[in-house]
Each structure stands twice: as structure tokens, then as C-alpha cells.
Amino acid sequence: MVELLSEQELHNLAMNIVGKDLEEQGFEFLGVNSELKRNPQFVALRDKKLHFVIVRVKKYPENVSEYNPVFMQEMKEHAAKFNARTFYAGVGLGSASDYGKPVEKGNDYTVIYNGLQEI
């Protein structure tokens, strides 16, 4: 029987992808929140500047670079209270054999990640 990754498992996978990218860019993590619907996912420091990073999983045919502008504006205003920069990180996840199909447990997957987008 085919078992699909849950929303939380997909979210955790996306968090790992973005977290690795942040580490490679020299970010220091101050806070990591992997709970669904809790934001931001990463509070990180780089060059003595605070960064809030919002991670979202996208599934085919959603565009990984598109985000909810109203929500992101709210997050930007929240970050401004802490003198922090706000970033969006969309991660597209799909089956390796067919990106249009969902990710199955134990199977390879395809990732579309265009890096951080500053809001």
C-alpha cells in the first residue's frame, strides 16, 4: 500500500532543505519552529542582523515563488518591531517519477527551491 507524506512531514522536509541552505549561507539559528501554522519558521542571525524566514511547501501546479502578500506584509510588520528582515522560502515537493504526483514515504522526490526571497 502506498503511503503519502503527511502535511507535517512535508513541512519538516521543506524546513530541512531551507535550514541547510541557511547554514551554508552562514546564518546562526536563534529559533526554529517546525509546527504547522506557527510563524516564522526560522529566526536567524547573520552579519549581526536579525532575519525572519517563512517556509511554505508548494505542490504541483503551485508556483514555489508565489506567496500570500497580505500574510507576508503582516509578517514584515511583525519583523520590523524587532528590526528584522523578512524572507519567504517556498519549497516545491513532488514525486521523483512525476512531479505532479505527491511524495510517497520511502520514495525519491523532486525539489524545486529558488532560495530566499526578501519581502
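Considering (1) farther than 20 Å from I17 by Cα; (2) over 14 Å from the mean Cα position of the chain (by Cα), the lone condition that M72 does not fulfil carries the number (2).
Restricting attention to the stretch 31-42, does a residue exist that is over 14 Å from the mean Cα position of the chain (by Cα) and charged (D, E, K, R)? Checked the stretch 31-42: no residue is over 14 Å from the mean Cα position of the chain (by Cα) and charged (D, E, K, R).
Would the stretch 57-73 turn up any residue that is closer than 29 Å to D98 by Cβ, charged (D, E, K, R), at pLDDT 95 or above and surrounded by 19 or more Cβ atoms within 10 Å (Cβ to Cβ)? Yes - at least one qualifying residue is present in the stretch 57-73.
Filtering G94, G115 for residues that are crowded, with 16+ Cβ neighbours inside 10 Å, of a type in the set (G, A, S), within 17 Å of the chain's Cα centre (by Cα) and not in a helix (DSSP H, G or I) leaves a single hit, G94.
In this structure, S34 qualifies as at pLDDT below 95, polar (S, T, N, Q) and surrounded by 13 or more Cβ atoms within 10 Å (Cβ to Cβ).
In the stretch 3-28, the residues that are touching a residue at least 24 places away in the same chain (Cβ under 8 Å) and within 18 Å of G92 (Cβ to Cβ) form Cβ pairs under 8 Å with partners that are of a type in the set (D, E) and assigned to a strand (DSSP E or B), at six or more places apart or across chains, as follows: L4/E104; L5/E104.
The values are calculated or read from the model by the stated rules, or taken from the named source; none is laboratory data. Small disclaimer: the values here were computed from a predicted structure and weren't measured. Cβ: placed from backbone, ideal geometry, glycine included. Neighbour counts: every protein chain shown.
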